[in-house]
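Here is the structure we will look at, set down as structure tokens.
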Amino acid sequence: MAIKITDECINCGACEPECPNNAIYEGAMDWRFSDGTDLTGYVVGHNGRSADADEPQEPISDDVYFIVTDKCTECKGFHDEPQCAAVCPVDCCIPDEDHEESEAELLAKKEMLHL
């Protein structure tokens with residue numbers, strides 16, 4: 001399951017530098033598949049989103065930090081637990097029940113992101 005940031009986010013930014021996939025962005029900020037990954041060229045994300053890896057994508061939230069599901073691996077292959085949740089002072093980094101993935105799927109996504 002990917003992680004999501006709830007509306008309780010206080011925009012402290014503690015989570016952003018902890019993400020090994022650069023999947024966390026400040027509200028209203030464009031994001032790219034290539035940010036913090038080895039992806040280049042045309043990419044089809046794990047959840048079906050497709051674009052040029054360097055093409056700016058619309059923000060998922062305008063108000064609070066957000067996690068790009070196509071880039072979130074719950075830190076599998078890097079850490080024993082999601083680092084965003086570990087450092088969040090208000091516990092607003094929680095499992096995203098709309099994006100359930102097995103450990104094998106998360107590890108495959110990690111391999112896709114970091115060739």
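The values are calculated or read from the model by the stated rules, or taken from the named source; none is laboratory data. What you see is a predicted model, and the numbers here were worked out from it, not measured in a lab. Here the Cβ is made from the backbone with ideal geometry for all residues, glycine too, and neighbour counts use every protein chain on show.
Mind listing whichever residues of region 16-47 are assigned to a loop (DSSP other than H, G, I, E, B), within 21 Å of Glu103 (Cβ to Cβ) and touching a residue at least 60 places away in the same chain (Cβ under 8 Å)? Of everything in region 16-47, those that are assigned to a loop (DSSP other than H, G, I, E, B), within 21 Å of Glu103 (Cβ to Cβ) and touching a residue at least 60 places away in the same chain (Cβ under 8 Å) turn out to be Cys19, Pro20, Asn21, Thr37, His46. Among the numbered conditions (1) touching a strand residue (DSSP E or B) at 6+ places or on another chain (Cβ under 9 Å); (2) farther than 23 Å from Met112 by Cα; (3) among the β-branched types (Val, Ile, Thr), the only one that Ile60 does not meet is (2). Gly77 - would you say it is assigned to a loop (DSSP other than H, G, I, E, B), on the phi > 0 side of the Ramachandran plot and without any contact (Cβ under 8 Å) to a residue 24 or more places away in the chain? Against the criterion (assigned to a loop (DSSP other than H, G, I, E, B), on the phi > 0 side of the Ramachandran plot and without any contact (Cβ under 8 Å) to a residue 24 or more places away in the chain), Gly77 does not qualify. When region 80-95 is limited to residues that are touching a Cys at 6+ places or on another chain (Cβ under 8 Å) and in a loop (DSSP other than H, G, I, E, B), the one that is surrounded by the most Cβ atoms within 10 Å (Cβ to Cβ) turns out to be Pro82. Taking the conditions exactly as written (among the aliphatic types (A, V, I, L, M), assigned to a loop (DSSP other than H, G, I, E, B), crowded, with 16+ Cβ neighbours inside 10 Å and out of contact with any Phe, Trp or Tyr (no Cβ under 7 Å at 6 or more places or on another chain)), does Val64 satisfy them or not? Considered against the rule, which asks whether it is among the aliphatic types (A, V, I, L, M), assigned to a loop (DSSP other than H, G, I, E, B), crowded, with 16+ Cβ neighbours inside 10 Å and out of contact with any Phe, Trp or Tyr (no Cβ under 7 Å at 6 or more places or on another chain), Val64 comes out as yes. The residue of region 28-59 that is farthest from Ile5 (Cα to Cα), among those that are surrounded by 18 or more Cβ atoms within 10 Å (Cβ to Cβ) and among the β-branched types (Val, Ile, Thr), is Val43. Could you go through region 48-57 and let me know if any residue there is in a loop (DSSP other than H, G, I, E, B) and modelled with pLDDT under 95. Looking for residues that are in a loop (DSSP other than H, G, I, E, B) and modelled with pLDDT under 95, one finds at least one in region 48-57, hence yes.
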